[in-house]
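K.L.:
Next up is a structure, given as structure tokens.
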Amino acid sequence: MQEQHLYEYAIIRVVPRVEREEFINVGVVICHWKRNFLGCKIHLDEKKLLALDPLADVEMIALNLASFEKICAGAVNGGNIATMDLASRFRWLTAVRSSIIQTSRPHAGAAENLEETLDRLFEENVG
């Protein structure tokens, strides 16, 4: 039997009109420090987004969601945040903010396979 890994994750959501507090789940970010694992999976459903706000700037939102992926990967073009250590990047991504792109509070879990867990959490919360 494989070892269980304790991880943290948060749901990524888009809140096109912050004052209305309506949102759609668009992704999941998951982190495990000891395994040096920080990953995310994102899908922006434009139809759902435009149902909440027909004037939403889909391109701008997609660009900002792409920065989540760059930061998780520690990409060279991910800006200063992408150069931080893994824990700092996760904390920065999941910090409470009042903006169009937000995350849930971090949750904890245990799993044998972090990639499979990311896929499962994505399917359960984003679809």
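What follows draws every value from the coordinates through simple rules; no lab data is involved. Note that the structure is a prediction, hence the values are computed from the model and not measured. Every residue, glycine as well, gets a Cβ built from its backbone with ideal geometry; the counts of neighbours run over all protein chains shown.
K.L.:
Setting aside same-chain residues fewer than 8 positions from K47, which aspartates and glutamates have a Cα under 17 Å from its Cα?
P.N.:
The reachable aspartates and glutamates, counting only those whose Cα sits under 17 Å from K47, are E22, D57, E59.
K.L.:
Can I ask one more? Which order results if F68, F90 are arranged by neighbouring Cβ count within 10 Å, fewest first?
P.N.:
F68, F90
K.L.:
With n ≥ 4 as the cut-off for DSSP H runs, can you work out [θ] at 222 nm for the chain, using -39500 (n - 2.57) per run divided by the number of residues, rounded to the nearest 500?
P.N.:
It lands at -10000 deg cm²/dmol.
K.L.:
Mind jotting down the distance between the C-alpha centroids of region 1-47 and region 55-127, whole Å?
P.N.:
Computed from Cα coordinates, the inter-centre distance equals 5 Å.
K.L.:
Just want the ordering: H107, H32, from fewest to most Cβ atoms lying within 10 Å of their own Cβ.
P.N.:
H107, H32
K.L.:
For a test of the definition: using alpha carbon positions, the gyration tensor, and the 1.5 limit on a/c, classify the chain as rounded, prolate or oblate.
P.N.:
Prolate.
K.L.:
For a quick protection proxy, order the peptides 75-83, 111-119 by their average other-Cβ count within 10 Å, most packed first.
P.N.:
The densest-packed peptide leads the list: 111-119, 75-83.
K.L.:
Separate question: Between A108 and N64, with labels modelled 7 Å along Cα→Cβ, what's the label distance in nm to one decimal, could you check?
P.N.:
Simple spin-label model gives 3.1 nm for this pair.
K.L.:
Taking loop as defined by DSSP and a crowding limit of 12 other beta carbons within 10 Å, which GluC sites (Glu not before Pro) in region 14-71 fit?
P.N.:
Here the sparse-neighbourhood loop sites are E21.
K.L.:
Could you run the Karplus curve 6.51 cos²θ - 1.76 cosθ + 1.60 with θ = phi - 60° over region 15-24 and give me ³J(HN,Hα) per residue in whole Hz, x for Gly and Pro?
P.N.:
10, x, 10, 4, 5, 8, 6, 8, 8, 10
K.L.:
Quick check on the exposure proxy: order M60, M84 from fewest to most C-beta atoms within 10 angstrom.
P.N.:
So the ranking, lowest neighbour count to highest, is M60, M84.
K.L.:
Quote the FRET efficiency, to the nearest 0.05, computed for L55 versus S98 with a Förster distance R0 of 25 Å and r equal to the Cβ-Cβ distance.
P.N.:
After rounding to 0.05, the efficiency reads 0.85.
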